[in-house]
């Protein structure tokens with residue numbers, strides 16, 4: 001098993017939705033000891049909180065070598081032609097430490113710019129509206145008590161027609177060892193361009209790198225470890241994902257299970273308002289998830305446990321055996337369908353397996369959008385209080401509920417601003433004796449920070465607007 005520990009140090013965003021420029025630094029020192037394990041992102045609606053989650057979703061899709069659908073087009077600021085994301089990581093492997101830098105530029109294509117209207121059905125067709133124009137991975141190594149000069153691992157440019165990537169020395173070395181590599185690498189570039197997939201994390205390319213760069217296996221290991229991190233250790237819970245609970249009556253379980261069978265990770269969705277038919281493998285995984293969740297959920301919501309009721313066999317459309325199951329909530333001797341529990345309880349249950357993994361495993365990064373949705377604010381504060389003191393992994397969340405400001409220190413909180421050119425700040429002039437919640441509310445009313453954090457409203461104007469709307 002790969003045992004690299006990877007932490008996110010920094011995200012820099014340019015032209016993602018309403019964030020023209022913004023950076024968040026999670027770990028200035030590039031080591032495990034100085035890492036802030038928990039980071040909350042706060043600010044008014046539409047000020048760029050979810051953009052951080054969006055950036056991580058895009059990153060995960062790229063590192064997994066997935067095709068980017070046209071839906072990612074809408075992440076690019078409406079009045080801009082491209083966006084740039086820059087990520088910095090710290091990787092610790094045995095006695096070696098690295099800084100890993102990954103930069104990607106996503107652009108609107110000429111097809112999009114010349115098209116007045118995009119039909120909804122175009123989103124699922126072969127990509128023609130976005131392209132990955134630049135992609136670069138670099139690294140620095142800690143050697144002799146200092147960081148070495150930053151070196152490129154792979155630098156891809158969409159418009160470079162001479163060679164598929166640079167450094168040129170690396171490319172020429174690969175071609176000299178195996179002549180077929182020249183055609184293969186060029187073909188994979190055209191393939192990646194056509195499907196809007198990462199060139200660096202293209203699985204066929206990685207195989208070529210592995211077979212050819214035997215003397216530079218360290219570089220191949222970095223690419224493979226980053227891909228492993230995205231597949232098994234990077235958990236992202238979008239607001240859309242938890243929104244399906246009430247909108248579509250579907251319960252998504254984000255999970256990571258480690259046992260004698262290995263590591264299983266992903267999302268399993270179960271109907272809330274009906275019986276669900278699932279296969280044997282999914283049933284076994286779901287039982288493991290619920291068993292894991294039940295160890296914790298009763299301490300969060302007293303006397304509560306979750307049960308998966310099995311109504312027996314049913315033949316699936318592919319001829320295989322399936323099982324008809326229903327999610328139940330158990331309190332003492334009373335069982336009711338889970339759909340009747342509160343939104344907050346369903347939210348907690350949905351992310352609890354991933355939260356348990358992050359709490360216990362230093363390799364996990366969990367990012368949750370709108371953590372507080374439906375959750376009682378005192379309970380939210382208690383959960384965050386426990387996580388901040390003892391979690392081993394990295395936890396990033398967005399929230400509107402100000403209870404967390406009374407539980408986390410100032411360096412664990414990032415605030416959004418009204419300035420799209422400088423979206424994310426940490427408060428200055430905060431003393432240890434200050435109540436950060438009061439300090440934040442005072443900042444909204446009186447200012448005092450380098451950037452304005454709230455675009456003010458006028459109650460008289462709001463009242464007048466309500467009356468005017470009624471009169472027509």
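The values are calculated or read from the model by the stated rules, or taken from the named source; none is laboratory data. Please read these numbers as outputs of a predicted model, since none were measured by experiment. Because the Cβ atoms are built from the backbone with ideal geometry, glycine has one as well, and the counts that use them run over all protein chains shown.
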The stretch 433-457: number of residues that are at pLDDT 75 or above and exposed (fewer than 10 other Cβ atoms within 10 Å of the Cβ): 0
Pick from the stretch 301-311 the residues that are crowded, with 16+ Cβ neighbours inside 10 Å and at pLDDT 90 or above: which of them is farthest from residue 331 (Cα to Cα)? 308
What is the one condition in (1) modelled with pLDDT under 90; (2) in a loop (DSSP other than H, G, I, E, B); (3) under 28 Å from residue 302 (Cα atoms) that residue 392 does not satisfy? (1)
Return the residue satisfying two criteria in turn: it lies in the stretch 185-205 and is touching a helix residue (DSSP H, G or I) at 6+ places or on another chain (Cβ under 6 Å) and either outside the structural domain of residue 67 (by TED's automatic domain parsing) or not in a loop (DSSP other than H, G, I, E, B) (or both), and of such residues it is surrounded by the most Cβ atoms within 10 Å (Cβ to Cβ). 205
Name the residues in the stretch 138-176 that are touching a residue at least 24 places away in the same chain (Cβ under 8 Å) and loosely packed, with under 13 Cβ neighbours inside 10 Å, would you? 150, 159
Which listed residue, of 179, 136, is at pLDDT 95 or above and out of contact with any helix residue (DSSP H, G or I) (no Cβ under 7 Å at 6 or more places or on another chain): 136
Based on what the data block shows, is residue 6 crowded, with 18+ Cβ neighbours inside 10 Å, within 15 Å of residue 234 (Cα to Cα) and in contact with a helix residue (DSSP H, G or I) (Cβ under 9 Å, 6 or more places away or on another chain)? yes
Of the numbered conditions (1) modelled with pLDDT of 90 or more; (2) on the phi < 0 side of the Ramachandran plot, residue 196 satisfies every one except a single condition; which is it? (2)
Looking only at the stretch 84-100, decide whether some residue is touching a strand residue (DSSP E or B) at 6+ places or on another chain (Cβ under 8 Å) and under 22 Å from residue 399 (Cβ atoms). no
Residues to consider are 366, 371, 384; find the one that is part of a helix (DSSP H, G or I) and either touching a residue at least 40 places away in the same chain (Cβ under 8 Å) or closer than 29 Å to residue 273 by Cβ (or both). 384
If I filter the stretch 399-419 for residues that are in a helix (DSSP H, G or I), over 24 Å from the mean Cα position of the chain (by Cα) and more than 21 Å from residue 53 (Cβ to Cβ), do I get at least one hit? yes
Please work out if residue 353 is in contact with a strand residue (DSSP E or B) (Cβ under 7 Å, 6 or more places away or on another chain), outside any strand (DSSP E or B) and modelled with pLDDT under 95. yes
Could you list all residues from the stretch 154-190 that are touching a strand residue (DSSP E or B) at 6+ places or on another chain (Cβ under 7 Å) and more than 15 Å from residue 206 (Cβ to Cβ)? 155, 157, 158, 166, 167
Enumeration of residues in the stretch 66-87 that are under 14 Å from residue 21 (Cβ atoms) and either outside the structural domain of residue 398 (by TED's automatic domain parsing) or part of a helix (DSSP H, G or I) (or both): none
Residue match in the stretch 52-75 (condition: more than 25 Å from residue 191 (Cβ to Cβ) and over 13 Å from the mean Cα position of the chain (by Cα)): no
Can you name every one of the strands (runs of 3 or more DSSP E) wholly within the stretch 246-345 that holds 3 or more residues which are touching a residue at least 24 places away in the same chain (Cβ under 8 Å) and on the phi < 0 side of the Ramachandran plot? 250-259, 262-271, 276-279, 304-315, 321-331
Exactly one of these conditions fails for residue 462: (1) modelled with pLDDT of 85 or more; (2) under 30 Å from residue 363 (Cα atoms); (3) surrounded by fewer than 18 Cβ atoms within 10 Å (Cβ to Cβ). Give me its number. (2)
